[in-house]
Amino acid sequence: MVFDSHMDTPTELLRGRDIFIDGSAQQVDLPKLRRGEVGAAFFALYCSAQLSPDEATAHALEMAGAVERIIRESKGEFASAYSPSDFYINQAKGKISLFLGMENASPIQESLDLLEAFHKIGVRYVTLTHNGDNSVADSAAEGSRWGGLSPFGKKVVKRMNELGMMIDLSHASDRTFWDCIELSEAPVVATHSCCRALCSHRRNLTDDMLRALKDKDAYVGINFYPYFLVEDPLKTPPGVKEIVDHIDHAVRLAGVEHVGIGSDYDGIEITPEGMENVGCLPKVFEEMRRRGYSEEQISLISGGNLLAVMDRIISCSK
Ligand SMILES: [Zn+2]
């Protein structure tokens, strides 16, 4: 069973994706999720930094509605999930759990009440930024507006702790990352990030950050985007081996209980060789087996760790 912490499928749903057919150009659809043995996934409500605050709020709501629609149309193949216990109930019935995340806090504008409203409709993590600083925090792509979290962002972190929402630091600037490590009372997550020691992209996590995730009993989901896996993917295209290299490195620094899969499918325009879509996921675990990971360790990394960190974050809520 795989529980993937980041897929951008809601964006594709609004573009007309037929999630129920095995489309050749589709990275994510129901037949491929089944082939990939995916039992649960976070579907990200992604808003570009170019949208105005009101446009972002409307866009996020529309995507949440599109996810609701495919759950209804799926006749029991998909089910909503808001907590690990929902996942276990759905799993027992053979259903794929769809969790909602929000990528870019822009839809909450400058309102903690909007944050509460998005929590109410099922959003369980917020990736604080995308590729642009916003009212909450600085991003890795810019990183100059606030010097980390904004004053409002500090309130957001506190409220997310109270609600048991996961603070997602993928895309965050280094200073935003460290501000959240310091301020958050609950573990944090990086739902789709790789290791900077292996590929120097500014949005990848340094070894110090990976160690901090261990100390914070937190989580990183390894991203499959070729530009985060290797320095020059057009010259030396990565494959399964490079994905598992990043898993290995993260496990060495953050510990085997704090690493998972955050493929970023439907959010990446190129994919690693042999890993063209979510149906290819079992190849990652085959490669891990070859490298000596036990079945127990593979089940932690394929989904157990994400369920466990959700439980820890919920148990910190008030
Ligand atoms: Zn992203």
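The values are calculated or read from the model by the stated rules, or taken from the named source; none is laboratory data. A quick note: this is a predicted structure, and the numbers were derived from the prediction, not measured. When we count neighbours, we look across all protein chains shown, and the Cβ atoms used for this are built from the backbone with ideal geometry, even at glycine.
Among (1) among the charged types (D, E, K, R); (2) without any contact (Cβ under 8 Å) to a residue 60 or more places away in the chain; (3) in contact with a Gly (Cβ under 9 Å, 6 or more places away or on another chain), there is one condition Lys155 misses while meeting the rest; what is its number?
(3)
Conditions tested, residue by residue: (1) modelled with pLDDT under 95; (2) within 18 Å of the chain's Cα centre (by Cα); (3) under 26 Å from Ile268 (Cβ atoms); (4) within 16 Å of the ligand (Cβ to nearest atom).
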| site | (1), (2), (3), (4) |
| --- | --- |
| Glu162 | no, no, no, no |
| Val189 | no, yes, yes, yes |
| Ser193 | no, yes, yes, yes |
| Leu213 | no, yes, yes, no |
| Gly221 | no, yes, yes, yes |
| Tyr225 | no, yes, yes, yes |
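When segment 175-209 is examined, which residues are found to be more than 21 Å from Val251 (Cβ to Cβ) and surrounded by fewer than 19 Cβ atoms within 10 Å (Cβ to Cβ)?
Answer for segment 175-209, where residues must be more than 21 Å from Val251 (Cβ to Cβ) and surrounded by fewer than 19 Cβ atoms within 10 Å (Cβ to Cβ): Arg175, Trp178, Glu182, Leu183, Glu185, Arg202.
Is there any pair linking a residue in segment 41-60 that is of a type in the set (Asp, Glu) to one that is within 15 Å of the ligand (Cβ to nearest atom), with Cβ under 9 Å and at least six apart or on different chains, and which?
Matching pairs, first to second residue: Glu55/Cys47; Glu55/Ser106.
Is there any pair with a first residue in segment 223-240 that is touching a residue at least 40 places away in the same chain (Cβ under 8 Å) and a second that is surrounded by 24 or more Cβ atoms within 10 Å (Cβ to Cβ) and among the polar types (S, T, N, Q) whose Cβ atoms are under 9 Å apart and which are 6 or more apart or on different chains, and what are they?
Asn223/Ser170; Asn223/Thr191; Asn223/Ser193; Asn223/Ser263; Phe224/Ser263; Tyr225/Ser263; Leu229/Asn223
Mind counting the residues in segment 139-174 that are out of contact with any Leu (no Cβ under 8 Å at 6 or more places or on another chain) and among the basic types (Lys, Arg)?
Total meeting the criteria: 1.
In segment 20-49, which residues are surrounded by fewer than 24 Cβ atoms within 10 Å (Cβ to Cβ) and among the aliphatic types (A, V, I, L, M)?
Result: Ile21, Ala25, Leu30, Ala49.
Please count how many residues of segment 258-289 are among the charged types (D, E, K, R), buried (at least 17 other Cβ atoms within 10 Å of the Cβ) and more than 16 Å from the ligand (Cβ to nearest atom).
Qualifying residue count for the region: 2.
Which pairs do you get when a residue that is within 17 Å of Gly262 (Cα to Cα) and assigned to a helix (DSSP H, G or I), found in segment 287-303, comes within reach of a residue that is at pLDDT 95 or above and aromatic (Phe, Trp, Tyr), reach meaning Cβ atoms under 6 angstrom, with the pair 6+ apart or on two chains?
Ile298/Phe285; Gly303/Phe3
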